[in-house]
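Student: Mind looking over this structure? Questions follow.
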2 protein chains.
Amino acid sequence: MVVFFNGEFLEKENVAISPDDRGFLFADGVYDVVRAYRGRLFRWQEHLDRLAHGLKELRIEGVSLGGLEKIAFQLLKENGLEAAEATLYLQITRGATLRSHRFPPQGTIPTVYAEANPFTPPIELRKKGASAIIVPDERWGRCDIKTINLLPNTMANQRAFEAGAFEAIFARDGLLLEGSHSSILFVKDDALLCPPLTNFILPGITRNVVLSLASTESISVHIRPCLENEVAEFQEILMLGTTSEIVPITKVNGISVGTGVPGRIARKLQSAFRRITQELKSRS
Amino acid sequence: MVVFFNGEFLEKENVAISPDDRGFLFADGVYDVVRAYRGRLFRWQEHLDRLAHGLKELRIEGVSLGGLEKIAFQLLKENGLEAAEATLYLQITRGATLRSHRFPPQGTIPTVYAEANPFTPPIELRKKGASAIIVPDERWGRCDIKTINLLPNTMANQRAFEAGAFEAIFARDGLLLEGSHSSILFVKDDALLCPPLTNFILPGITRNVVLSLASTESISVHIRPCLENEVAEFQEILMLGTTSEIVPITKVNGISVGTGVPGRIARKLQSAFRRITQELKSRS
């Protein structure tokens, strides 16, 4: 498998992340995952903008994001994924330097790592739905940035897995926020409810796509806080993500959501989502 | 420089952390820093116990901590630090495996990395004191574990540096908790005040040493929450850490603490601390 690391394309086993890398020592970096549909990058610019925003917030300088698209296509090509279903993983850290909490000296070069992997869409999961649990949110106060400071996300996801569930939904101060690796929307009174963006919610790109699809599909959308104690009243719950796309959550904490099967709004949005990914134009 | 990596002693530039390492991807690991005084490890067992506790809390299995002391001494030896002032850095992650939020398959081998570095004690800092700023605590909810989920700590430390200060003290809900890489104690009415251990405070090993020294030095100690709005009433503030030992904080947010110079209790505890490190016996 050929990957990209600090300016070079090389076999993955030849990558040597330094033990001084601030990604390894301090979780000091950002990442993103992009979907390629038959070799076509989906919402590339939005992912790039989010990376740029994260770098700006963390004040990681000296990365030329403009070159990443070419790298992405090169990775797809090198790994025989030019026309395949695939994902791209991108990670940028503040670089490798003598360990110190404070930022490294100016001129320290950020670490840039990228790889492309073949992807098998979770068709059954989207069709049949998945279950989730609600867990207390122990994450830090800047979940609006897509950083690699992800330990609590992994712990929550594992907790879901051990409970026989697919996702963990974070609750804080009675509010349902987002999943351990997804955005979460709710349906009540036939309207789509979407928690407002705060420092505890990542501006999900699939979330944006779905909100825009809801509008074209004439589904009412209300941006408003969603409460843990409303769960019994939700007709549907939708889990959104770059690889999941739209997965209906049919059970929460072991209790059926609505009728316990994927609902009308989830299915309608899934169809609309499928249309736009099928219509994706190849790069000119 | 010879370091230890997954069972081998090798030159640091030959270490290749995998891009799949969960330390690099998810901050999924623990670390510790131990001081060697003239080649003698200080409070080794306490550091080891803390590492063991962290591994248990994160459920990282399959690391034999018993072998680490031999590795530590070997690192000191290989780097000519057998009789030197030095620090040991130890990091253990959940290992390298296909990226997935949930824990890797059973049998995945944790990554163990260790290095020894010569250390120059910050004599002037301890003598003259340092300044600090108070910053809002944006960290996650398990700061009682010494994990590498440290992005907010680096951001806070950098903020202090840019404000001309040496340390950032985290405040949450009006409580002063700890520094970005230190424990913090306070002095009021000639007594040492120590914030009680919670999920937002690391059980500092230097903190334990100092509390015990306070007892032998007949300094009153009160374990109680310390408030941000008490700052003006503190006679002294003490910053504690493995490498700092005891550094008097003489200014907070640009305002003098007490008389603005290192206080009586800090100096008394520094003397007592120096005595125990000078009396350290060599390994039998």
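The values are calculated or read from the model by the stated rules, or taken from the named source; none is laboratory data. As the structure is a computational prediction, the values presented were derived from the model and not from experiment. Because the Cβ atoms are built from the backbone with ideal geometry, glycine has one as well, and the counts that use them run over all protein chains shown. Protein only, heavy atoms only, side chains kept; ligands, DNA and RNA dropped before computing areas. Shrake-Rupley method; radii C 1.70, N 1.55, O 1.52, S 1.80 Å.
Student: Is it true that residue A:260 is in contact with an Asp or Glu (Cβ under 6 Å, 6 or more places away or on another chain) and at positive phi? Working first, answer last.
Tutor: On the way: in contact with an Asp or Glu (Cβ under 6 Å, 6 or more places away or on another chain): no; at positive phi: yes.
Criteria not met by residue A:260.
Student: Any residue that is in contact with an Asp or Glu (Cβ under 7 Å, 6 or more places away or on another chain), open to solvent by less than 10 Å² (accessible area, probe 1.4 Å) and within 14 Å of chain B (Cβ to nearest Cβ) - is there at least one of those in the stretch A:231-244?
Tutor: The answer is yes; a qualifying residue exists.
Student: Considering each residue of the stretch A:45-62, count those that are open to solvent by 20 Å² or more (accessible area, probe 1.4 Å) and either under 28 Å from residue B:113 (Cα atoms) or not aliphatic (A, V, I, L, M) (or both), and give that number.
Tutor: Start the filter on the stretch A:45-62 by keeping residues that are open to solvent by 20 Å² or more (accessible area, probe 1.4 Å), which leaves A:45-46, A:48-50, A:52-53, A:56-57, A:59, A:61-62.
Filter once more, so that each one left must be either under 28 Å from residue B:113 (Cα atoms) or not aliphatic (A, V, I, L, M) (or both): A:45-46, A:49-50, A:53, A:56-57, A:59, A:61-62.
Qualifying residue count for the region: 10.
Student: Which numbered condition trips up residue A:185, out of (1) open to solvent by less than 20 Å² (accessible area, probe 1.4 Å); (2) more than 23 Å from residue A:160 (Cα to Cα); (3) in contact with a Cys (Cβ under 6 Å, 6 or more places away or on another chain); (4) of a type outside the set (Lys, Arg)?
Tutor: Just one mismatch for residue A:185, condition (2).
Student: Are any of the residues in the stretch A:26-37 open to solvent by 10 Å² or more (accessible area, probe 1.4 Å) and in a loop (DSSP other than H, G, I, E, B)?
Tutor: No - not one qualifying residue is present in the stretch A:26-37.
Student: Can you report the number of residues in the stretch A:1-35 which are among the charged types (D, E, K, R), more than 8 Å from chain B (Cβ to nearest Cβ) and under 21 Å from the mean Cα position of the chain (by Cα)?
Tutor: Selection size over the stretch A:1-35: 2.
Student: Here are the criteria: (1) among the small types (Gly, Ala, Ser); (2) touching an Asp or Glu at 6+ places or on another chain (Cβ under 6 Å); (3) closer than 26 Å to residue A:15 by Cβ. Tell me which single one residue B:7 does not satisfy.
Tutor: With (1) among the small types (Gly, Ala, Ser); (2) touching an Asp or Glu at 6+ places or on another chain (Cβ under 6 Å); (3) closer than 26 Å to residue A:15 by Cβ applied to residue B:7, the lone miss is (2).
Student: Moving to a separate point now. Pairs under 8 Å by beta carbon, first residue in a helix (DSSP H, G or I) in the stretch B:226-246, partner charged (D, E, K, R) and open to solvent by 20 Å² or more (accessible area, probe 1.4 Å), six or more apart or different chains?
Tutor: Pairs found: B:230/B:188; B:233/B:188.
Student: Output the number of residues of the stretch A:1-25 satisfying the condition of being touching a strand residue (DSSP E or B) at 6+ places or on another chain (Cβ under 6 Å), open to solvent by less than 20 Å² (accessible area, probe 1.4 Å) and either in a helix (DSSP H, G or I) or at pLDDT below 95 (or both).
Tutor: So the answer is 3.
Student: Moving to a separate point now. Working only within the stretch A:70-90, note down all residues that are closer than 15 Å to residue A:9 by Cα and out of contact with any Lys or Arg (no Cβ under 9 Å at 6 or more places or on another chain). Steps first, answer last, please.
Tutor: Within the stretch A:70-90, the first condition is being closer than 15 Å to residue A:9 by Cα, and the residues that meet it are A:70-80, A:88-90.
Correct list: A:70, A:71, A:72, A:74, A:75, A:76, A:77, A:78, A:79, A:80, A:90.
Student: For the stretch B:115-165, enumerate the residues that are touching a residue at least 24 places away in the same chain (Cβ under 8 Å), open to solvent by 30 Å² or more (accessible area, probe 1.4 Å), over 17 Å from the mean Cα position of the chain (by Cα) and within 7 Å of chain A (Cβ to nearest Cβ).
Tutor: If the condition is that a residue be touching a residue at least 24 places away in the same chain (Cβ under 8 Å), open to solvent by 30 Å² or more (accessible area, probe 1.4 Å), over 17 Å from the mean Cα position of the chain (by Cα) and within 7 Å of chain A (Cβ to nearest Cβ), then no residue fits.
Student: Against the conditions (1) over 30 Å from residue A:164 (Cβ atoms); (2) within 13 Å of chain A (Cβ to nearest Cβ); (3) of a type outside the set (A, V, I, L, M); (4) crowded, with 16+ Cβ neighbours inside 10 Å, where does residue B:103 fall short? Just the number, please.
Tutor: Result: residue B:103 passes all but (1).
Student: Only one of these is open to solvent by less than 40 Å² (accessible area, probe 1.4 Å), at pLDDT 95 or above and within 14 Å of chain B (Cβ to nearest Cβ): A:174, A:204, A:179. Name it. Before the answer, list the steps.
Tutor: Working: A:174 fails: within 14 Å of chain B (Cβ to nearest Cβ); A:204 fails: within 14 Å of chain B (Cβ to nearest Cβ).
The conditions single out A:179.
Student: Follow-up question, since we're still on this one. Among the listed residues B:71, B:60, which satisfies the condition of being in a helix (DSSP H, G or I), more than 8 Å from chain A (Cβ to nearest Cβ) and either of a type outside the set (A, V, I, L, M, F, W, C) or touching a residue at least 24 places away in the same chain (Cβ under 8 Å) (or both)?
Tutor: Just one listed residue meets the conditions, B:71.
Student: Let me ask something else. Identify all residues within the stretch B:77-99 that are over 18 Å from residue B:5 (Cβ atoms), open to solvent by 10 Å² or more (accessible area, probe 1.4 Å) and either of a type outside the set (A, V, I, L, M) or not in a loop (DSSP other than H, G, I, E, B) (or both); write none if there are none.
Tutor: Within the stretch B:77-99, B:80, B:82, B:85, B:99 qualify.
Student: Please identify the pairs in which a residue from the stretch A:24-50 that is farther than 30 Å from residue B:110 by Cβ has its Cβ atom under 7 Å from the Cβ atom of a residue that is basic (Lys, Arg) and open to solvent by less than 30 Å² (accessible area, probe 1.4 Å), counting only partners at least 6 apart or on another chain.
Tutor: Here the result reads A:42/A:35, each pair linking the stretch A:24-50 to a residue that is basic (Lys, Arg) and open to solvent by less than 30 Å² (accessible area, probe 1.4 Å).
Student: I need the full set of residues from the stretch B:103-138 which are over 30 Å from residue B:18 (Cβ atoms) and of a type in the set (Asp, Glu), in order please.
Tutor: Pass one, the stretch B:103-138, residues over 30 Å from residue B:18 (Cβ atoms): B:120-137.
Correct list: B:124, B:137.
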